[in-house]
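Contents: one structure, followed by commentary.
The values are calculated or read from the model by the stated rules, or taken from the named source; none is laboratory data. Since the structure is predicted, the reported quantities are computational estimates derived from the model, not experimental observations. Here the Cβ positions follow ideal geometry from the backbone for every residue, glycine too, while neighbour counts run over all protein chains shown. What goes into the accessible areas is simple: the full protein's heavy atoms, side chains included, and nothing from ligands, DNA or RNA. Shrake-Rupley method; radii C 1.70, N 1.55, O 1.52, S 1.80 Å.
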Amino acid sequence: MKRLFNDHNIRNVIDLNGAWLFKADPDKSGVDLGWGGGLPCGETVTVPSCWNTHLGMYNYEGVCWYQKKFVTDGGTLFIEFGSVMTQAMVWLDGIYLGDHYGAFTQFDFIVNDVARGEHTLVVRADSTITEKSFPQRYTDWYNYGGIARDVAAHELKGISILTNHIKYELSKDLKSASVYCDIELYNTNDAEATESISITIDDTAIYSGKITLGSHEKVKITTPVYEFSDVELWQMESPRLYTVTAKTDSDDLIDKVGFRKIEVSNNDILLNGKSIELRGVNRHEEHPDWGFAFHTGLMKKDIDLIKYMGCNTIRGSHYPQTQFFIDLLDESGILFWSEIPMWGCGFGEKALKDPDIVAHGFQFHQEMVKYYYNHPSIVIWGMHNEVDSKLECVREFSIVWADFLRKNGGNRLITHASNHPNDDICYDLDDIICINIYHGWYNYYGGSGSFSDWDKQVDTLRERLKSLNLYGTPVIMSEFGAAALAGYHQHFDSGIKWSEEYQRDIIEYCLELFHKTEYMRGFYVWQFANIRTSPSMDINRVRYYNNKGIVDEHRNPKASFFKIKELYNKYANEE
Ligand code: ADA
């Protein structure tokens, strides 16, 4: 994956982005016609991309095929996909490698005994929504199809390093860290092999040893604990990153780590022992010209705009966002909430009880933790969004997911975004309680048309938390806001829905209320930029866009942008 730094100095990585041959398969006959072995014809497209941004394919849902030829020295290849939307089937030289379900997470294949020379990689991408889909048809973003993130073929040699999770516990005074690594290794040789292995953090060697693996053996090893002293913390104002280099004789894997501690205490959130108010926005990684194949230059611009507004955090609604973007956050000191694409309203009770859907949800959590573990900016794992968390079946799988994240997800706060503030039965599983409501905008979905209902809501929630014995768990308002059509203004009367002034005023009302509410410790305005949405969302979706962006889809600011800037800066100055 494209990173902000070189993640390999030894390993050769073949970039498979760029021109691919492309062919739509509306009647899904390509497998029977043997296209896995090579496409009969096609047009050239660039990858990463989403086909719904190609001319004539605006609303195409179904199957398309992609083909790329590349040259390698041969041996063992690790073929890596950043995200294929939504179901991928992959062939190399006509040999089926396997499939992967789910947009937004990485997956890979290891292929041995690849000959030196030219090879053909074929991908069948299927965006068809079924009753098992994740998310379901009724979802508030557009169901793009395509190879939406980077593709690469890594030439693995000798004993190779597949993953390295850098784990640590900070001392009480936060001045030193007990560090160890969980490393996954693979022997590419046809015979047993022994190699040396070492790990450094900047210039400090924290481990060195020898490893012997059988032919094509894959193992996970845990290194002994190293006491790392004089730690410089990863702080929002000075996000110190260390470079972690894992090396064998034949391979390397370089990543970044930042030492920091996130915890909750008595209605408060503490980063490195210091109380913080989370001041943020929800962000989709989407643009009308590229869909989910988001341009890296625009990632930087999004962060610049979000920082300029005074935000210290972003919620990655509603799926894991690209590694490159999270690298930028690590470097900027912005806190991030990462979640899986379980967008609740579309999942009925039948779906929530479906073991395949629950299994997919669990798979998403496993993949999110596997690929994003090391990012210091990720301080929150979101289990799901607006799922019917009044149901016992939701509680059951949430217990399993929360447990998995607590045991395997590193030092992060666990939550789910709930739109059932008055009857959610899963709050006790969370480290922070997160609420989505739209008083002042919707008259349904638990919202009501009037601004002043917010005050009642704040009081009702306080009472409910007390009655549940959960008062003391910090509350975050994870979504609130209103839609505004960019450029639609009112001279005097701000109470006109869809105007920039209405949106600005409701956001101001909410922020001022939440900021002074003693049990709340943060807010994420819905949402940073307008997004294209699904035709199934026929509620209030002018142009089939979700227009609640505080910038429009081209990042032009609406009136609320400046109001948020004013308020977030004011709150920061009060600290
Ligand atoms: C929900 C949901 C968002 C968006 C929002 C809205 O809270 O989580 O994805 O759909 O409502 O605009 O209504």
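Among the lysines, which fall within straight-line cross-link reach of LYS558, defined as a Cα-Cα distance under 29 Å, with same-chain neighbours fewer than 8 residues apart omitted?
Cross-link targets: LYS300, LYS301, LYS307, LYS456, LYS497, LYS516, LYS548, LYS570.
Rounded, prolate or oblate, given the Cα gyration tensor of the stretch 98-151, with a/c below 1.5 counting as rounded?
On the way: a/c = 3.02, a/b = 2.63, b/c = 1.15.
Judged from the Cα gyration tensor, the stretch 98-151 comes out prolate (a/c at least 1.5, a/b above b/c).
Using R₀ = 30 Å, calculate the FRET efficiency as 1/(1 + (r/R₀)^6) where r is the Cβ-Cβ separation of TRP498 and GLU575; round to 0.05.
So, using R0 = 30 Å, E works out to roughly 0.30.
Just to be sure I understand: of the beta bridges DSSP finds with both ends in the chain, what percent are antiparallel, rounded to 5? List each step's numbers first, then the result.
Values: 99 of 131 bridges.
Around 75 percent antiparallel, to the nearest 5.
Which of the aspartates and glutamates could a cross-linker bridge to LYS210, judged by Cα under 12 Å and excluding same-chain residues fewer than eight apart?
Result set, ordered by chain and number: GLU195, ASP249.
Kindly express, to the nearest 10 degrees and within the range 0 to 90, the angle between helix 500-516's C-alpha long axis and the longest C-alpha principal axis of the chain.
90 degrees
Remind me, relative contact order of the stretch 1-116 in percent, using alpha carbon pairs under 8 angstrom and six or more residues apart?
Working: 163 pairs, mean separation 30.4, N = 116.
Across the stretch 1-116, relative contact order equals 26 percent.
Using a 1.4 angstrom probe on the protein heavy atoms only, could you order ARG283, ARG521, ARG124 from most to least accessible area?
Working: ARG283 0, ARG521 50, ARG124 30 Å².
Ranking ARG283, ARG521, ARG124 by accessible area, largest first, yields ARG521, ARG124, ARG283.
Between the alpha-carbon centers of the stretch 98-120 and the stretch 297-376, tell me the distance in whole angstrom.
One Cα centre to the other: 24 Å.
Enter the Cα centre distance for the pair the stretch 221-265 and the stretch 1-41, rounded to the nearest angstrom.
The distance from the Cα centre of the stretch 221-265 to that of the stretch 1-41 comes to 33 Å.
Using the Cα centre of the chain as the reference point, and only Cβ charges (+1 on K/R, -1 on D/E), how large is the resulting charge dipole? Debye, rounded to the nearest 20. Before the final figure, lay out the partial values.
Values: 56 positive and 81 negative charges, 141 e Å.
Dipole about the Cα centre, nearest 20: 680 debye.
Determine, from the Cβ-Cβ distance of THR222 and THR128 and an R0 of 41 Å, the FRET efficiency 1/(1 + (r/R0)^6), rounded to the nearest 0.05. Don't skip to the answer; put the middle values down first.
Details: r = 41 Å, r/R0 = 1.01.
It comes to 0.50.
Modelling each spin label as a point 7 Å along the Cα-to-Cβ direction, I'd like the ASP455/GLU232 distance in nm, to one decimal.
Simple spin-label model gives 5.0 nm for this pair.
If I take every Cα pair under 8 Å that is 6 or more residues apart in the stretch 317-450, average their sequence separation and divide by the length, what percent do I get for the relative contact order?
Numbers: 216 pairs, mean separation 28.0, N = 134.
Here the relative contact order equals 21 percent.
How much of TYR438 can a 1.4 Å solvent probe reach, expressed as accessible area in Å² and rounded to 10?
20 Å²
If the cut-off is a Cα-Cα distance under 25 Å, which lysines reach LYS175, setting aside same-chain residues fewer than 8 apart in sequence?
Of all the lysines, those that pass the test against LYS175 - Cα under 25 Å, at least 8 places apart if same chain - are LYS167, LYS256, LYS261, LYS274, LYS407.
Near PHE78, within a Cβ-to-Cβ distance under 13 Å, what is the net charge of the other residues, with Lys and Arg +1 and Asp and Glu -1?
On the way: positive: ARG11, LYS157, LYS218; negative: ASP7, GLU80, ASP108, GLU155, GLU184, ASP251.
Once all neighbours under 13 Å are counted, the net charge is -3.
Helix 392-408 versus the longest principal axis of the chain: what is the Cα-based angle in degrees, 0 to 90, to the nearest 10?
60 degrees
List the relative contact order of the chain as a percent without decimals, with contacts defined as Cα pairs under 8 Å and 6+ residues apart.
Result for the chain is 12 percent.
Could you tell me what percent of the accessible area of the chain is made up of carbon and sulfur, with a 1.4 Å probe and every protein chain present?
49 percent
Tell me, what is the 1.4 Å probe accessible area of GLU392, in Å² to the nearest 10?
Counting only protein heavy atoms, GLU392 exposes about 110 Å² to solvent.
Taking the Cα atoms only, what angle lies between the long axis of helix 323-332 and the longest principal axis of the chain, rounded to 10 degrees?
So the inclination is approximately 60 degrees.
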